[in-house]
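A.B. asks: Provided herewith is a single structure, encoded as structure tokens, for subsequent inquiry.
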Amino acid sequence: MSETTELKHATLVTEGIVTGYEDGSRPRLVGGYCPDCARWYFPCPSYCRSCLEPVQAADLGGEGKLHAFTVIRMRPPLGLPQPYAVGYVDLKESGLRVFCLLDPSAIDRYRLDMPLRLTVSVLGHDGSGQPCLRPYFSPGDHHEDAEKETDTGGGEVRDE
Amino acid sequence: MSETTELKHATLVTEGIVTGYEDGSRPRLVGGYCPDCARWYFPCPSYCRSCLEPVQAADLGGEGKLHAFTVIRMRPPLGLPQPYAVGYVDLKESGLRVFCLLDPSAIDRYRLDMPLRLTVSVLGHDGSGQPCLRPYFSPGDHHEDAEKETDTGGGEVRDE
Amino acid sequence: MSEVVILGVGMIPFGRHPQKLLVEMAAEAARAALKDAAVEPGEVGAGFFSNGLAARLFSDHTIGQNVYWEVGINRIPIYNIENACTSASTAFCLACGQVAAGQVEVAMVVGAEKMYVPELGLIHSGQSELDTQLGLVAPAGFALRAKRHMAEFGTTEAQLAAVAVKNRRHAALNPNAQFRDPITPEDVLSAPMVVDPLTRLQCCPNADGAAAVVLASADFARWRRGASRGKVRPVDVRAAVYCTGSYANPQDLTHWETDERGCRLAYEAAGVGPEDLNVVECHDAFTISEILHYEALGLCPAGEGGRLAEAGETALGGRIPVNPSGGLLSRGHPPGATGAAQLCEIVAQLRGEAGPRQVPGARVGLAHCMGGDKAADSKSCTVVVLSV
Amino acid sequence: MSEVVILGVGMIPFGRHPQKLLVEMAAEAARAALKDAAVEPGEVGAGFFSNGLAARLFSDHTIGQNVYWEVGINRIPIYNIENACTSASTAFCLACGQVAAGQVEVAMVVGAEKMYVPELGLIHSGQSELDTQLGLVAPAGFALRAKRHMAEFGTTEAQLAAVAVKNRRHAALNPNAQFRDPITPEDVLSAPMVVDPLTRLQCCPNADGAAAVVLASADFARWRRGASRGKVRPVDVRAAVYCTGSYANPQDLTHWETDERGCRLAYEAAGVGPEDLNVVECHDAFTISEILHYEALGLCPAGEGGRLAEAGETALGGRIPVNPSGGLLSRGHPPGATGAAQLCEIVAQLRGEAGPRQVPGARVGLAHCMGGDKAADSKSCTVVVLSV
Ligand SMILES: [Zn+2]
Ligand SMILES: [Zn+2]
């Protein structure tokens, strides 16, 4: 429950880039999609880069595969932990390759091509010292996640 | 004497632009002079703008004539008083027209073409809150000043 | 330079846009300009982005690439230009040069600025400059000029106020202007004093804003006009001049030598004189500025600028309307965008699309911009002459 | 582009200059370049000034005018250019374009940066960018590439280290380089880890620095050479290419498409290929960068960059010496100045004036620069080919 409390007092790093985290359902990235051009975007741009028309907000899911990762051991920015991990993640539904934070508690477990699952939680601050909600990927796939949810009897409270 | 104490603890707004203020002698602006090109400068540049050779530091004196003045009534920068006064001053020796602060205690006395005399004293801060020595011109000419010095029996302590 | 045309312009209303990022504002203006020009993103061969303050205010840099990619423009050279108040017009001069040289067929300028943030602070010539450290805030340099002009030529406070009142009257007719409610001379003169003799209503307000211009070679415009949509309404660039200060000492405060030189060079390049102009946008950062620019532009003899304003000759309906958009004084002044917004206005005027503020039959227009105080001179002056 | 030459170059030693203001450093480099070119201030027709950080660090802006006036240059157009690590080389490309078009006979580029101040903080792609807010500091983007390159091509930590060791060995021969003490592979690999697998000695250090280049038309150079001092030793500009990212998704992290495109365009413009090069300065911001640039430049096949470094082929005395100056890794990397410093080195090499680090008989040289991370791509790449 302490994490839930934190969630309520922290602001999201950038509005509109994730969904499904406030209500305990599955966190997913939100990007954009232009149906005319069949193009996906993350983050959602003002306009489709092909046709310059506004794009629809699109659920990009919370699952991906690790394309590259590294561990940042220098003095971290934005109150992030030292060390922390980042990587490029290939998103399952859209095929987009996105830069993202990786779960800093799993630094020793990252392997290329491993499945990842999105979390949204307080990680670092917003630049003015306020706690900040950031999306990050953790090891694990949808299947694992579903099992876990079954184990705990539902998705409302999760403490990974 | 309190002003003298202040002088010792404050830093000069920019190094090398004034002299004669630390020892109680007459404060003067320091600029540059290129003997080859017979050109005066304030502040002193790295090179003469005609011949690109280094210039000599040059005493520009402490006397001038008020070419233009105004009173700044907006929220002041750098801890300057509200209001404060600035102007363009035509320096006596070099003929240079320089931008400078004017004595804020004499705001009602400025008239075009009036004679002015340089003071260096704490006026505002240096941007990080530390008291800062700044040159500024006050009404009065050399002649007046000389009389005053005679009156007070010397130039060591002056409290204008 | 007759071979360069403006194909399209776009801007967002200047004002407060707290919900929009700088890049979003810029992209909105860029998209509008592309659509106005009927140019596809892939046709743009070079992009220029101008901004003055985002590095200091937001720790952002190399922003142009972000802006252009928001409207689908990538791969091409993108230039990030800063030049104080003339940032956008300097970018325009660079872009014109590349088109005139045949280095690109289509170029684009986007300027944007976001100023309504608590971090803004006072506008100055650079914190490391001695003048700044000696208290030279931006309005003070202009106030000193006003005081000399009043002393030497008898310019009055009422004449200064007339400029602000006129530009506000114009702004009421411009939906892109920030301040549109009419003001009276009394309002201007009784507003809080900022720097003697300039009251708050004589100083241009801050603004969030963005504006964009699409340029092309005349050949491209002809081809496009013939081949396609008929919507193409090119405006000829007759001159695009940029010069910097002379910094001579002593400076005469009643005019900027740089201003006069810039105007003269532009007239020479364009082959026109002040008598040929139908409409002018000039850099009325302060009321006194507009008066001094009248004189530099040759709209009146030296010293007569105040009387020209007071006589209404530079108002819509007058002999030579100046700042029909409302100018910096009422449209607001986001330095990164102002130079492009001026071009938006002149293009609208020359196309006959300026609606209730249209100067009837305008064929030749001029956009004038100045920026940066240095050694009692100006660091930059740009003058663009357009015609149809 | 064969009609543009470099007439003169100048720089100050990169390192710590706490006593010098940015403008002073820049003026020192500018003066040296003017003297090297035997050009008078009044002969310069356009000036470009490049800087990346001073607006954020010092609240300074519109700095170019201040710099040029310190060396007696006024009135002419002065352009303030920011483009991350390629600020100076982008300015050089712009300047080349104006000279090539005949818009000016003589142009000048001055780049400067002052970084050794407490306010510096971490280098990133812009604070408002989502990637920055998600923790993308500059070394991380390169480290991710290194990890993919190692995974796909078997590049080793020893090969990465070889780049740092070589560039330090070169720097020992360059009095303008910041770090000149030799280092061993063990030093490199045992240095503190910054971002896996890049240790501190694999990341370019900050620096205060300034560098300048004087360009002219070949006609001007011929006239000057004939008319005067014999000191004139022009170097031909065969290509000056600037391009920006494609930002395609997904990006292949083992190379930058933008890098390859920039190199290809430059070779095409210059009419040379990698086999014609005698000396290269490339943007070794990190050890992995130099390896990737070898491949983009065609100095070796894709994936072979690590082995090329390890084999010593890019060291002085090797097949194609890269970064004889010490590169960013040992000279230091002040973003506003680096692109111009690279040109200083190539010009010295082609003139045969590089002293103990001279590549014997160098006739064709290339300066390569990259900057700005965006969408796993680079925001800019510049490639300049020079020859004598
Ligand atoms: Zn689309
Ligand atoms: Zn001299």
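The values are calculated or read from the model by the stated rules, or taken from the named source; none is laboratory data. Predicted model only: the values in this text are computed from it and were never measured. Backbone-built Cβ (ideal geometry, glycine too); neighbour counts: all protein chains shown.
A.B. asks: Within the stretch C:63-70, can one find any residue that is of a type in the set (A, V, I, L, M), more than 23 Å from C:Arg222 (Cα to Cα) and touching a helix residue (DSSP H, G or I) at 6+ places or on another chain (Cβ under 7 Å)?
C.D. replies: yes
A.B. asks: For B:Ala57, are the conditions met, namely being at positive phi, among the aliphatic types (A, V, I, L, M) and within 16 Å of ligand 2 (Cβ to nearest atom)?
C.D. replies: Criteria not met by B:Ala57.
A.B. asks: Suppose we filter D:Ser59, D:Ser50 for residues that are among the hydroxyl-bearing types (Ser, Thr, Tyr) and free of Cβ contacts under 8 Å to residues at least 24 places away in the same chain; which single one remains?
C.D. replies: The conditions single out D:Ser59.
A.B. asks: On to the next question. It is to be established whether one or more residues within the stretch C:172-190 are touching a residue at least 40 places away in the same chain (Cβ under 8 Å) and in contact with an Asp or Glu (Cβ under 7 Å, 6 or more places away or on another chain).
C.D. replies: no
A.B. asks: Determine whether C:Leu94 is within 14 Å of chain D (Cβ to nearest Cβ) and in contact with a Phe, Trp or Tyr (Cβ under 7 Å, 6 or more places away or on another chain).
C.D. replies: Yes, satisfied.
A.B. asks: Name every residue in the stretch C:343-374 that is outside any strand (DSSP E or B) and touching a strand residue (DSSP E or B) at 6+ places or on another chain (Cβ under 8 Å), in order of residue number.
C.D. replies: Initially, the stretch C:343-374 is screened for residues outside any strand (DSSP E or B), giving C:343-363.
Listed by number, the residues that qualify are C:Leu343, C:Cys344, C:Glu345, C:Ile346, C:Val347, C:Ala348, C:Gln349, C:Leu350, C:Arg351, C:Val359, C:Ala362, C:Arg363.
A.B. asks: Shifting gears a bit: Looking only at the stretch A:94-115, which residues are of a type in the set (A, V, I, L, M, F, W, C) and within 28 Å of A:Cys37 (Cα to Cα)?
C.D. replies: A:Leu96, A:Val98, A:Phe99, A:Cys100
A.B. asks: Given the conditions (1) modelled with pLDDT under 95; (2) under 27 Å from C:Lys20 (Cβ atoms); (3) charged (D, E, K, R), and given that A:Asp59 satisfies all but one, which numbered condition is not satisfied?
C.D. replies: Here A:Asp59 clears every test but (1).
A.B. asks: As an exercise: evaluate C:Gly317 against (1) surrounded by fewer than 20 Cβ atoms within 10 Å (Cβ to Cβ); (2) farther than 16 Å from C:Leu173 by Cα; (3) free of Cβ contacts under 8 Å to residues at least 24 places away in the same chain and give the number of the one condition it does not meet.
C.D. replies: Exception for C:Gly317: condition (2).
A.B. asks: Among A:Tyr88, A:Tyr21, A:Tyr41, which is the only one that is more than 16 Å from ligand 1 (Cβ to nearest atom) and within 11 Å of chain D (Cβ to nearest Cβ)? Explain how you work it out, then say what you get.
C.D. replies: Details: A:Tyr21 fails: within 11 Å of chain D (Cβ to nearest Cβ); A:Tyr41 fails: more than 16 Å from ligand 1 (Cβ to nearest atom).
Only one candidate qualifies: A:Tyr88.
A.B. asks: Still on this structure, please answer the following. Take the residues of the stretch C:82-123 that are crowded, with 24+ Cβ neighbours inside 10 Å and of a type in the set (S, T, N, Q): which is farthest from D:Gly52 (Cα to Cα)?
C.D. replies: The qualifying residue farthest from D:Gly52 (Cα to Cα) is C:Gln98.
A.B. asks: In the stretch C:222-250, what count of residues is obtained for those that are more than 17 Å from C:Ala367 (Cβ to Cβ) and modelled with pLDDT of 95 or more?
C.D. replies: Qualifying residue count, the stretch C:222-250: 7.
A.B. asks: Tell me which of these A:Ala58 doesn't satisfy, since it passes every other one: (1) surrounded by fewer than 23 Cβ atoms within 10 Å (Cβ to Cβ); (2) over 17 Å from the mean Cα position of the chain (by Cα).
C.D. replies: (2)
A.B. asks: Of all the residues that make up the stretch C:6-16, how many are surrounded by fewer than 24 Cβ atoms within 10 Å (Cβ to Cβ) and in contact with a helix residue (DSSP H, G or I) (Cβ under 6 Å, 6 or more places away or on another chain)? Break it down stepwise before answering.
C.D. replies: Quick first cut of the stretch C:6-16, residues surrounded by fewer than 24 Cβ atoms within 10 Å (Cβ to Cβ) only: C:10, C:12-13, C:15-16.
Filter again for in contact with a helix residue (DSSP H, G or I) (Cβ under 6 Å, 6 or more places away or on another chain), leaving C:10, C:12.
The number of residues fulfilling the criteria is 2.
A.B. asks: So, one more: Which of the residues belonging to the stretch D:246-284 are within 14 Å of another protein chain (Cβ to nearest Cβ), within 21 Å of the chain's Cα centre (by Cα) and either surrounded by fewer than 21 Cβ atoms within 10 Å (Cβ to Cβ) or part of a loop (DSSP other than H, G, I, E, B) (or both)?
C.D. replies: Of everything in the stretch D:246-284, those that are within 14 Å of another protein chain (Cβ to nearest Cβ), within 21 Å of the chain's Cα centre (by Cα) and either surrounded by fewer than 21 Cβ atoms within 10 Å (Cβ to Cβ) or part of a loop (DSSP other than H, G, I, E, B) (or both) turn out to be D:His255, D:Trp256, D:Glu257, D:Glu260, D:Arg261, D:Arg264, D:Leu265, D:Ala269.
A.B. asks: Quick one: would you say B:Ser50 is modelled with pLDDT under 95 and more than 16 Å from ligand 1 (Cβ to nearest atom)?
C.D. replies: When the stated conditions are applied, B:Ser50 does not pass them.
Residue-wise test of (1) surrounded by fewer than 22 Cβ atoms within 10 Å (Cβ to Cβ); (2) outside any strand (DSSP E or B); (3) within 8 Å of chain C (Cβ to nearest Cβ); (4) out of contact with any Gly (no Cβ under 9 Å at 6 or more places or on another chain).
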position	(1), (2), (3), (4)
D:Met25	no, yes, no, no
D:Ala30	no, yes, no, no
D:Ala33	no, yes, no, no
D:Gly42	yes, yes, no, no
D:Phe49	no, no, no, no
D:Gly52	no, yes, yes, no
D:Gly64	no, yes, no, no
D:Asn80	no, no, yes, no
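A.B. asks: Determine which member of the set B:Gly87, B:Gly64, B:Gly31 is within 16 Å of ligand 2 (Cβ to nearest atom), within 23 Å of C:Val137 (Cα to Cα), at pLDDT 95 or above and out of contact with any Gly (no Cβ under 8 Å at 6 or more places or on another chain).
C.D. replies: B:Gly31
A.B. asks: Continuing with the same structure: Quick check, is D:Ala221 under 23 Å from the mean Cα position of the chain (by Cα), buried (at least 20 other Cβ atoms within 10 Å of the Cβ) and under 30 Å from D:Glu353 (Cβ atoms)?
C.D. replies: Considered against the rule, which asks whether it is under 23 Å from the mean Cα position of the chain (by Cα), buried (at least 20 other Cβ atoms within 10 Å of the Cβ) and under 30 Å from D:Glu353 (Cβ atoms), D:Ala221 comes out as no.
A.B. asks: Output yes when any residue across the stretch A:10-25 is buried (at least 20 other Cβ atoms within 10 Å of the Cβ), closer than 24 Å to D:Gln251 by Cα, over 14 Å from the mean Cα position of the chain (by Cα) and at pLDDT 95 or above, and no when none is.
C.D. replies: Scanning the stretch A:10-25, I find no residue that is buried (at least 20 other Cβ atoms within 10 Å of the Cβ), closer than 24 Å to D:Gln251 by Cα, over 14 Å from the mean Cα position of the chain (by Cα) and at pLDDT 95 or above, so the answer is no.
A.B. asks: Is it true that A:Ser50 is under 16 Å from the mean Cα position of the chain (by Cα), among the small types (Gly, Ala, Ser) and over 22 Å from D:Leu253 (Cβ atoms)?
C.D. replies: When the stated conditions are applied, A:Ser50 does not pass them.
A.B. asks: Name the one entry in D:His170, D:His149 that is within 14 Å of chain A (Cβ to nearest Cβ) and crowded, with 22+ Cβ neighbours inside 10 Å.
C.D. replies: Result: D:His149 is the single residue among D:His170, D:His149 that is within 14 Å of chain A (Cβ to nearest Cβ) and crowded, with 22+ Cβ neighbours inside 10 Å.
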